[in-house]
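Reviewing the structure listed below.
What follows draws every value from the coordinates through simple rules; no lab data is involved. None of these values were measured; they are calculated from a predicted model. Because the Cβ atoms are built from the backbone with ideal geometry, glycine has one as well, and the counts that use them run over all protein chains shown.
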Amino acid sequence: MYTGATKNLAVIGYPIAHSLSPVIQNTALTGAGLDYAYIAIPVAPADLPAAVAGFRAMNFRGWNVTIPHKSAIIPLLDEIEPAAAALGAVNTVINNDGHLVGTNTDVIGFIEPLKARLGESGLEGKNAVLMGAGGAARAVLWALLSADINNITLAVRTPAKAEPLAEEFRRLDKEHFSGTAEITVVDWAGEEYPVALAACDLLINATPLGMAPHTEAAPPVDWQKLKAEAFCYDIIYTPAVTAFLSQAAEHGHATLNGEEMLVGQARAALEKWTGCSGDKEAMLKALRSALEK
């Protein structure tokens, strides 16, 4: 039961009615017996400054941020944590008595399920092929560098467009991590791509190919080139089994979809707001139930 003592949380975006964050977060809050309420609020781009001021004035404990506000909100906050600053994207705001801190929990959401399967140091010295160089790839790149990956190959349609991203993360690796990771860019249709696949320990789809409603699509992979022990990770969660993951499983590869990444970033945000990360399995169950509906 909500009372005058109930603390408020939210997710903002435009549009936002499709968001599953309220389902996930309120499941966790109820399960933990926390006196919080989490709601979705549509905020048009022109209204973002007023919305941030309003959240501060109304003492919201925090809120999540999604498209199109992840970058635009940065100058409106008092402090930006290093990962969010490097990524140029905030997905979580913490209100510490009026001091607004921006962070990015997508990195944790991506890497923790992977470490649960490969081990805490399972990526050290390994080679990854990351398909895609859009916004989603930025959090993945930061996560891989933080895990001491040896080599990252960006496999894309248009290498010239991806090269600035690779150069940026070469610099960030030197500034924030070991600076020893090799980051290269290859063309999906080029001769270097099969070579990268043959050396690959981790194959990641960070493109929208295969996302509902276009579930028949998949990034190009020569499965005969990929070694048998390579792990395949698709950050898409609708559908639960993309064409890419289906093909990977058919060829005997271990796989992971984006459900745990979504729940993982939500749990990391919740912990920053409340000190409690919530029941992972209950949150996953709530997510899957909502997706089925």
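Between the Cα long axis of helix 106-118 and the first principal axis of the chain there is an angle of about 50°, rounded to the nearest 10. Remark: relative contact order (the stretch 65-212) = 21 percent; criterion is Cα-Cα distance under 8 angstrom and separation of 6 or more residues. Antiparallel versus total DSSP beta bridges in the chain: what percent is that, nearest 5? Around 20 percent of the beta bridges assigned by DSSP in the chain are antiparallel ones.
Compared with the dominant Cα axis of the chain, that is its longest principal axis, helix 135-146 is turned about 80°.
Put the Cα centre of the stretch 258-276 next to the Cα centre of the stretch 79-138 and the gap is 12 Å. The overall shape of the stretch 107-257, judged from the alpha-carbon gyration tensor, is rounded, with an a/c ratio under 1.5. Mean separation of Cα pairs under 8 Å and 6 or more residues apart, divided by the residue count, gives the chain a relative contact order of 17 percent. Of the chain, which part is the longest with no GluC sites (Glu not before Pro) in a loop (DSSP not H, G, I, E, B) and with at most 14 other C-beta atoms within 10 angstrom? Here the longest segment lacking exposed loop sites spans 1-119.
When the charge dipole of the stretch 107-257 is built from unit charges on Cβ atoms (+1 for Lys and Arg, -1 for Asp and Glu) and taken about the Cα centre, the candidate among GLY252, ALA181, MET211 whose Cα reaches farthest toward its positive end is MET211. Holding the Cα-Cα limit at 32 Å, pick out from LYS115/LYS285; LYS7/LYS293; LYS7/LYS126; LYS227/LYS293 the pairs that are longer than that. Violating the 32 Å Cα-Cα cut-off are LYS7/LYS126; LYS227/LYS293. Estimated purely from DSSP H runs of n ≥ 4, each contributing -39500 (n - 2.57), the mean residue ellipticity at 222 nm for the chain is -12000 deg cm²/dmol once divided by its residues.
Report, in whole Å, the centroid distance computed from the Cα atoms of the stretch 1-19 and the stretch 211-227. Computed from Cα coordinates, the inter-centre distance equals 37 Å.
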